[in-house]
């Protein structure tokens, strides 16, 4: 009887010890897992990006947009870059509750290259954290299809740590890279990769309404804000640069001169143009029939045909944000023309009925008002 009692006490002690050990293990590992493994959670937020895409992500992560990297800033200022770091329009880190970045989303220059294994190895390999120059060995590269979405998946190791990157293109051919950062361990890597894969299942591009080339709108000028909003809603996913101010010769007109009208539209590849002309407030005024009263055009060229032949014609000038531009004059008056590049896109303000100083002030207001 005594031995049986002792045996029961021993069993009870063992149960208590095992229960305590399980509780301590849960405190150490279970809570951490709940904080980071949100792959099956319904509590996700939606991230929308200015470059025309969106996706869902765990609410435990916080987006941290760093904007352009230094290489892109140097390009925007007309400076030469080393080529070691790929210029990016923005880098968005997704950080956990400890402020550690789990992965990043980068948007790179417009590219006409298709998403293939060979093009990753030849053109995209320096973009994101799966940089071929620093990988331990040849990576696994595959082209994937998910929910009508095509992307390149790269699985590699960097410094002995697993790494995965995913490459997509938006509607105007910006390269988007979703890159994992150094994981804490294999479990952290697996969890982060699972989160990104679920993100990709929710990935969407902005719904746009294409306006055929030549399908222009014509409105009396009040300001450029409504025009910019229209362009952003209709297939334009490059930065819209329109001025916030015009000279008095454009805005303070005598009645005999009429008033300023804007003719604007979007091409089927996302470029835009906004033309100014003088007209009178009569029914069915046709902006495009007013060539004799033209007052200038603001244009953006986001295609991948290279630098226009005329781009660097004229005098070098320094514009807002340190951007290098080119000033020239044409016509009898003469008219002012300014070309410049911003975030890899070529912009023009041409045939402006302004002095050189007025044209530079107008263009600078557009650059500072980039949307």
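Things to note:
- Residue within region 324-337 that is assigned to a strand (DSSP E or B), at pLDDT 90 or above, under 27 Å from residue 217 (Cβ atoms) and out of contact with any helix residue (DSSP H, G or I) (no Cβ under 9 Å at 6 or more places or on another chain) present: no
- Members of region 225-249 found to be free of Cβ contacts under 8 Å to residues at least 60 places away in the same chain and either in a helix (DSSP H, G or I) or under 22 Å from residue 351 (Cα atoms) (or both), listed by number: 225, 226, 227, 229, 230, 231, 233, 248
- Test: residue in region 128-144 that is touching a helix residue (DSSP H, G or I) at 6+ places or on another chain (Cβ under 9 Å), modelled with pLDDT under 85 and within 12 Å of residue 167 (Cα to Cα): no
- Residues within region 60-91 that are in a loop (DSSP other than H, G, I, E, B) and either touching a helix residue (DSSP H, G or I) at 6+ places or on another chain (Cβ under 6 Å) or at pLDDT below 75 (or both), tallied: 9
- Qualifying residues in region 97-120 (those that are touching a strand residue (DSSP E or B) at 6+ places or on another chain (Cβ under 7 Å) and in a helix (DSSP H, G or I)) - the one farthest from residue 68 (Cα to Cα): 117
- Residues of region 118-167 classified as within 22 Å of residue 102 (Cα to Cα) and more than 22 Å from the chain's Cα centre (by Cα), total: 17
- Failed criterion for residue 94 (all others in (1) surrounded by fewer than 20 Cβ atoms within 10 Å (Cβ to Cβ); (2) in contact with a strand residue (DSSP E or B) (Cβ under 6 Å, 6 or more places away or on another chain); (3) modelled with pLDDT of 80 or more hold): (1)
- Residue within region 303-315 that is touching a helix residue (DSSP H, G or I) at 6+ places or on another chain (Cβ under 8 Å), surrounded by 14 or more Cβ atoms within 10 Å (Cβ to Cβ) and modelled with pLDDT of 80 or more present: no
- Criterion applied to 208, 222 was being at pLDDT below 90 and exposed (fewer than 13 other Cβ atoms within 10 Å of the Cβ), and the one residue passing it is 222.
- Looking across region 335-370, the residues that are without any contact (Cβ under 8 Å) to a residue 60 or more places away in the chain and over 26 Å from residue 253 (Cα atoms) come down to 339, 340, 346.
- For residue 192, the criteria (1) assigned to a helix (DSSP H, G or I); (2) surrounded by fewer than 18 Cβ atoms within 10 Å (Cβ to Cβ) hold in every case but one, which is (2).
The values are calculated or read from the model by the stated rules, or taken from the named source; none is laboratory data. All values derive from a computational prediction rather than experimental measurement. Don't worry about glycine lacking a Cβ; one is built from the backbone with ideal geometry, like all the others, and counts go over all protein chains shown.
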